[in-house]
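Here's the structure, in structure tokens; my notes come after.
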Amino acid sequence: MSKPYYITTPIYYPNSDPHIGSVYTTLCCDVLARFMRLDGHEVKFLTGTDEHGQKIEQTATKLGKSPQEFVDEASKSFRNVLAVYNLSVDDFIRTTELRHKRGVQHFWELLEKKGYIYLGSYAGWYAVRDEAFYTESDLVDGKAPTGAPVEWVEEPSYFFKLSAFQDKLLEYYASHPDFIAPLSRRNEVLSFVKGGLKDLSVSRTSFKWGIPVPGNESHVIYVWLDALMNYLTALGYPDREKRDYTTFWPADVHMVGKDILRFHAVYWPAFLMAADLPLPKKIFAHGWWTNKGQKISKSLGNVIDPYEIAETYGVDQVRYFLIREVPFGNDGDYSEEALISRVNSQLSNELGNLVQRTLSMVWKNCEEKMPSPSIPFEEGDKALMKKAYSLIEDIRPLLQKDQALSKYVDLLWQLVGDANRYVDTQAPWALRKNNPPRMEVVLYTLCEVIRVLGILLQPLIPASAAKILDQLGVPEQARTFKNLEAVDALKPGAPIQEPQGIFPRLNDVRNPETC
């Protein structure tokens, strides 16, 4: 049995509706989770909502609701988007759940018992929007580095002895060079930690919406210490004998946006070191999405509604665009023009046309059954199928080790290109007239390559991949990566479904009268 795999998104702050950035993070995790399941791993894929803090309390008050009423409603929208985008989450955790509160309070008591938490007073800059503390040197034009307004806060506070972990963190980064990815983000973290770590304020008294500090309920636990614990409490922590904990911790990948890297790559490992708990294997910080080169914000009116684009262009089409458009880890730019261009040229013209013209020829010329080759395969046929069968060996390290999602798609499209060139070279429509036995060999070769593509495309465009495999007549139990070998090849003479177009051109959707 392959080793288990635990992947997490950051838990999302439900102060506003899901946006393209949160969908993107969860989608990236979904592709990896689906890939690992198909490759025989037991997977736990976690997401959820971060429901405490001053910002939630203020928003709920403005709306005339209790904080709990507000987050109960707001959390639903983050659940709903999972179904819309076909995101295969295994668990959805909310920080207002009892299982989470118990784990956080236990963790606090453990750190306090070990001498890593002490009572003092805090005076400094705080950004409510970021739920983050900033030093004077952090500020840019009087605001947080994120652009959020800051306010001066003076109040009693418990502190975590973050300063005690500066050398330990640097030693850990040095001995685990793949802990933070990509490399540019690792360098940012190293620079920050080498600049000196100060003890971290980990409680607040100026508001009440949070998990009370055990033994001193005038304080609530700082929202980031609370939120980061979700990765453990979802596994049953503090019960470290629970199967989920023993099976899945430490996490294989914490997927985060680059704006919250410091919390995950500095504070979180320090908390875990203080508690003598294993650290996650990797923190991967991806880039941000812009809209036609502009930062996405409500004030600019350029927010991308994930529900609207899914309805307009198709779920798998949007999934494909978001993964293919940008090398994973870099910033990406969204535009309707780019989405339409990629989907029409690559999904419709290249992949869709390959499947449609191949299966249409089989349907019309092979009695609605899989071709039955009666003469030997030529070297070119064997080479194309061999490339298809071996592709998993090239893809596996890209996703397991490097989370190189766009490179995975690039490799698949190299095979799509090879198959299309094979069609054009072999010209089965001509063979139908002058060499029908050879036509059957060519069509069978193409069907087998499409079968492999269909299986390998499942993590990326699951609904469309299922349609491809359905049309080929591939049984549902024969769609894992174990079935990528020649031994599971399509059965000659087996019935196929009547071919149907899978990727309509997007201008059909937008301007049907022009097509």
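Taking θ as phi - 60°, what are the ³J(HN,Hα) couplings along segment 34-49 by the Karplus curve (6.51, -1.76, 1.60), each to the nearest whole Hz, with x for Gly and Pro?
4, 4, 5, 4, 5, 8, x, 8, 7, 10, 10, 10, 10, 9, x, 10
Assuming 0.36 nm per residue, please report the length gained on full extension of the stretch LEU411 to LYS198 beyond their Cα-Cα distance.
On the way: separation 213, 0.36 × 213 = 76.68 nm, distance 4.56 nm.
So the extension gain works out to 72.1 nm.
Which net charge results when you count Lys and Arg as +1 and Asp and Glu as -1 among the other residues whose beta-carbon is under 13 Å from that of ILE375?
-2
Can you work out the PRE-style zone for ASN435? Point 7 Å along Cα to Cβ, and I want the residues of segment 371-397 with backbone N under 12 Å.
375-381
Using r as the Cβ-Cβ distance of SER335 and GLU368, and R0 as 35 Å, what FRET efficiency do you calculate, to the nearest 0.05?
Step by step, r from the Cβ atoms, then E = 0.25.
Where a Cα-Cα gap under 20 Å defines reach, which aspartates and glutamates qualify for LYS401, not counting those fewer than 8 residues away within the same chain?
ASP30, ASP39, GLU42, ASP178, ASP252, GLU393, ASP410
For segment 175-272, state which GluC sites (Glu not before Pro) are in a DSSP loop and have at most 11 other beta carbons lying within 10 Å of their beta carbon.
Numbers: sites: GLU188, GLU217, GLU241; in loops: GLU241.
Within segment 175-272, the qualifying GluC sites (Glu not before Pro) (loop, at most 11 other Cβ atoms within 10 Å) are GLU241.
Rounded to the nearest 20 debye, what is the charge dipole size of the chain about its Cα centre when +1 sits on each Lys and Arg Cβ and -1 on each Asp and Glu Cβ?
My answer is approximately 660 debye.
Could you tell me the accessible area of THR9 in Å² (1.4 Å probe, neighbours in place), rounded to the nearest ten?
0
Check cross-link reach from LYS113 to the aspartates and glutamates: straight Cα distance under 13 Å, and skip same-chain residues fewer than eight apart.
Candidates past the 8-residue exclusion: ASP276.
Along the charge dipole of segment 1-128, pointing to its positive end and built from +1/-1 on Cβ of Lys, Arg, Asp and Glu, which listed residue (PHE92, SER16, LEU111) has its Cα farthest out?
Projecting each Cα onto the dipole axis, the largest value belongs to LEU111.
Let's test the formula: R0 of 60 Å, r as the Cβ-Cβ distance of SER163 and ASN353. What FRET efficiency results, to the nearest 0.05?
The computed FRET efficiency comes out at 0.50.
Would you please give the residues with an amide H less than 5 Å from that of ASP333, counting only those at least 5 places away or on a separate chain, with H modeled from the backbone geometry?
THR290
Simple spin-label model, 7 Å along Cα-to-Cβ: ASP276 to GLN477 in nm?
4.8
Given the peptides 117-125, 148-156, 439-447, arrange them by the average over their residues of other C-beta atoms within 10 Å, most packed first.
Result, highest mean Cβ count within 10 Å first: 439-447, 117-125, 148-156.
Tell me, what HN-Hα J-couplings in whole Hz come from the Karplus equation 6.51 cos²θ - 1.76 cosθ + 1.60 at θ = phi - 60° for each residue of segment 376-382, using x for Gly and Pro?
Once rounded to whole Hz, the list reads x, 6, 8, 4, x, 5, 5.
Give the long-range amide H neighbours of ALA132: residues separated by 5 or more places, or on another chain, with amide H under 5 Å away, using H modelled in the peptide plane at 1.01 Å from N.
Residues meeting the amide H criterion: ALA127.
Could you give each residue of segment 85-93 its phi-based ³J(HN,Hα) in whole Hz, using Karplus coefficients 6.51, -1.76, 1.60 with θ = phi - 60°, and x for Gly or Pro?
Values, residue by residue: 9, 6, 8, 8, 5, 8, 8, 10, 9 Hz.
So what are the three principal axis dimensions of the chain from its Cα atoms, in whole Å, longest to shortest?
So the extents along the principal axes, rounded to whole Å, are 89, 51, 38.
Can you check what the net charge comes to around ASP276, using other residues whose Cβ is under 13 Å from the Cβ of ASP276 (Lys, Arg +1; Asp, Glu -1)?
For residues surrounding ASP276, the net value is +4.
Per residue, how much accessible area does the chain have with a 1.4 Å probe, in Å²?
42
Students often get this wrong, so check it: of LYS386/LYS491; LYS143/LYS281; LYS168/LYS281; LYS281/LYS407; LYS3/LYS382; LYS55/LYS101, which have C-alpha atoms separated by over 24 Å? Could the numbers behind the result be given before it?
Working: LYS386/LYS491 17 Å; LYS143/LYS281 34 Å; LYS168/LYS281 16 Å; LYS281/LYS407 22 Å; LYS3/LYS382 33 Å; LYS55/LYS101 19 Å.
Long pairs (Cα-Cα over 24 Å): LYS143/LYS281; LYS3/LYS382.
For the pair SER88 and ALA489, how long in nm is the line joining their label points, each one 7 Å along Cα→Cβ?
About 2.7 nm, to one decimal.
Place a point 7 Å from the Cα of GLU217 along the Cα-to-Cβ direction; which residues of segment 138-178 have their backbone N under 19 Å from it?
158
Taking all protein chains in place and a 1.4 Å probe, what share, in percent, of the accessible surface of the chain do carbon and sulfur account for?
Carbon and sulfur together cover 50 percent of it.
Pulled fully out, how much extra length does the chain show between GLU155 and GLU188, if you take 0.36 nm times their separation in residues and subtract their Cα-Cα distance?
Here the segment from GLU155 to GLU188 would lengthen by 8.8 nm.
Which is farthest toward the positive dipole end of the chain among ALA127, ALA227, ALA60, measuring Cα position about the Cα centre, with Cβ charges +1 (Lys, Arg) and -1 (Asp, Glu)?
So the residue furthest toward the plus end is ALA227.
Placing +1 at every Lys and Arg Cβ and -1 at every Asp and Glu Cβ, with all other atoms neutral, what dipole size does segment 308-412 have around its Cα centre, in debye to the nearest 20?
Using only the charged Cβ atoms, the result is roughly 480 debye.
In terms of modelled amide H atoms, which long-range or inter-chain residues lie less than 5 Å from the amide H of TYR122?
GLU155, SER157
Sorting ASP276, ASP90 by accessible area (1.4 Å probe), largest first, what list results?
On the way: ASP276 105, ASP90 80 Å².
Result, largest first: ASP276, ASP90.
Which value, in debye to the nearest 20, gives the size of the charge dipole of segment 9-128 about its Cα centre, when Lys and Arg are +1 and Asp and Glu are -1 at the Cβ? The partial results should precede the final answer.
Working: 14 positive and 15 negative charges, 33 e Å.
Once rounded to the nearest 20, the dipole reads 160 debye.
Could you work out the helix-only [θ] at 222 nm for the chain, with each DSSP H run of four or more residues adding -39,500 (n - 2.57) and the total divided by the number of residues, to the nearest 500 deg cm²/dmol? Provide the component values of the computation, followed by the final result.
Values: 20 runs with 234 residues, N = 515.
Computed ellipticity for the chain at 222 nm equals -14000 deg cm²/dmol.
How much length would be gained if the chain were fully extended between ASP424 and GLU42, taking 0.36 nm per residue of separation minus their Cα-Cα distance, in nm to one decimal?
Contour length minus the Cα-Cα distance gives 133.4 nm.
The values are calculated or read from the model by the stated rules, or taken from the named source; none is laboratory data. Please read all numbers here as calculations on a predicted model, not as lab measurements. So basically every Cβ, Gly included, is an ideal-geometry build from the backbone, and we count neighbours across all protein chains shown. Heavy atoms of the whole protein, side chains included, go into the accessibility calculation; ligands, DNA and RNA do not. Shrake-Rupley method; radii C 1.70, N 1.55, O 1.52, S 1.80 Å.
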